[in-house]
1. For Ser64 and Leu235, FRET efficiency with R0 = 25 Å and r from the beta-carbon atoms, rounded to 0.05?
2. Treating the beta-carbon of each Lys and Arg as +1 and of each Asp and Glu as -1, no other charges, what is the dipole magnitude of the chain about its Cα centre, to the nearest 20 debye?
3. Run the accessible area of the range 101-165 with a 1.4 Å probe and give the carbon-and-sulfur part as a rounded percent.
4. I want to make sure I understand the PRE zone here: with the label point 7 angstrom from the Cα of Ala110 toward its beta carbon, which residues in the range 176-205 have backbone N atoms less than 20 Å away?
5. At 7 Å along the Cα-to-beta-carbon direction for both Arg204 and Arg150, put a label point, then send me their distance in nm to one decimal.
6. Dipole of the range 17-147, Cα-centred, from +1 at each Lys and Arg C-beta and -1 at each Asp and Glu C-beta, to the nearest 20 debye?
7. Apply the Karplus curve 6.51 cos²θ - 1.76 cosθ + 1.60, θ = phi - 60°, to the phi angles in the range 37-52 and return the couplings in whole Hz, x for Gly and Pro.
8. What's the longest uninterrupted piece of the chain once you rule out the GluC sites (Glu not before Pro) that are loop residues per DSSP with at most 15 other Cβ within 10 Å?
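The values are calculated or read from the model by the stated rules, or taken from the named source; none is laboratory data. All values reported here derive from a predicted model rather than from experimental measurement. Every residue, glycine as well, gets a Cβ built from its backbone with ideal geometry; the counts of neighbours run over all protein chains shown. Only protein heavy atoms, including side chains, enter the accessible area calculation; ligands, DNA and RNA are left aside. Shrake-Rupley method; radii C 1.70, N 1.55, O 1.52, S 1.80 Å.
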Amino acid sequence: MSDPAPSDVPAIHRLSPLPSQTGLTDDEITALYLEGAGDPWLRVNFVSSVDGAATHQGLSGALSNDVDGRVFDILRRLCDVVLVGAGTVRAEGYGAMRVDVASQGARSGAGMTPHPVFAIVSAGLDLDPRSPIFREAPERPIVLTTELSRPEARDALSEVADVVVCGRERVQAERGLAVLHERGLTRIHCEGGPRLFADLIAARAVDELCLTMSPLLEAGTSSRIATGAAPIVPLGLRLAHTLQGDDTLLLRYVRA
Ligand SMILES: NC(=O)c1ccc[n+]([C@@H]2O[C@H](COP(=O)([O-])OP(=O)(O)OC[C@H]3O[C@@H](n4cnc5c(N)ncnc54)[C@H](OP(=O)(O)O)[C@@H]3O)[C@@H](O)[C@H]2O)c1
């Protein structure tokens, strides 16, 4: 049975390739995000203001809304692992990687673990092994780090996570992704942030970008969704679908 749209969340419609007359169910939205997705697959998800800001006062929360949140939760249902840069983990105050009961059911029904694995990318390892991220993790987290990280920090985190060195000064995207693939974590969902995303773009590793355009003008100096080294040739994208809920656009781009 397909979940009906939650009554307290605005209906989501498909604008392209075909218009829908009624709001989409969670199952219909899920099918749209699975269309054409390969395995292995690296999906990246961001929310942005219309003028390109990735944060409001240092956080993404104020840019998000119920429409974005609904798709955010659906995307976590579809992945083996959620990949996040340590800057985002610290700024957004991530806890243990747990999905809600409906998502656990959907994942179990699809033969997946109830919760995705949490993989964190960090050079400095300023991550507290006693934090709920590790202490309350339903799946053992993975920390992708560098040769230059402090050995004592690596040792402390190794008690609560798999710590893997994937580069000298920075985690090399290809090596980090290979570590996940070796563990069977091939459907990768990256929730940012902008510096990690730039590294993934530079490595030409991105298969898909899910971008929520929030109906806000932010101005200021906040970051774009990708900041860092630019690839010599920009990565070309194809618009796979456009969904709309209230004044929010949900754009799904896949690699051209
Ligand atoms: N709008 C959105 O959808 C969205 C999504 C995510 C984040 N954000 C916002 O973005 C801001 C954070 O930006 P950010 O660019 O700092 O985020 P980030 O990419 O998550 O964090 C950067 C940090 O992550 C680690 N890192 C990333 N790539 C690495 C690599 N290749 N090798 C080694 N370490 C790597 C490093 O951690 P260490 O310092 O530990 O070495 C680096 O300092 C926050 O304000 C957050 O709210 C917005």
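1. The calculated FRET efficiency here is 0.50.
2. Value, rounded to 20: 600 debye.
3. 51 percent
4. Once the point is set 7 Å along Cα→Cβ of Ala110, 180-192 turn out to lie under 20 Å by backbone N, inside the range 176-205.
5. According to this spin-label approximation, the distance is 3.9 nm.
6. For the range 17-147, the charge dipole is close to 320 debye.
7. Working through the residues one at a time gives 6, x, 8, x, 7, 10, 9, 10, 10, 9, 10, 9, 6, 4, 8, x Hz.
8. 36-135
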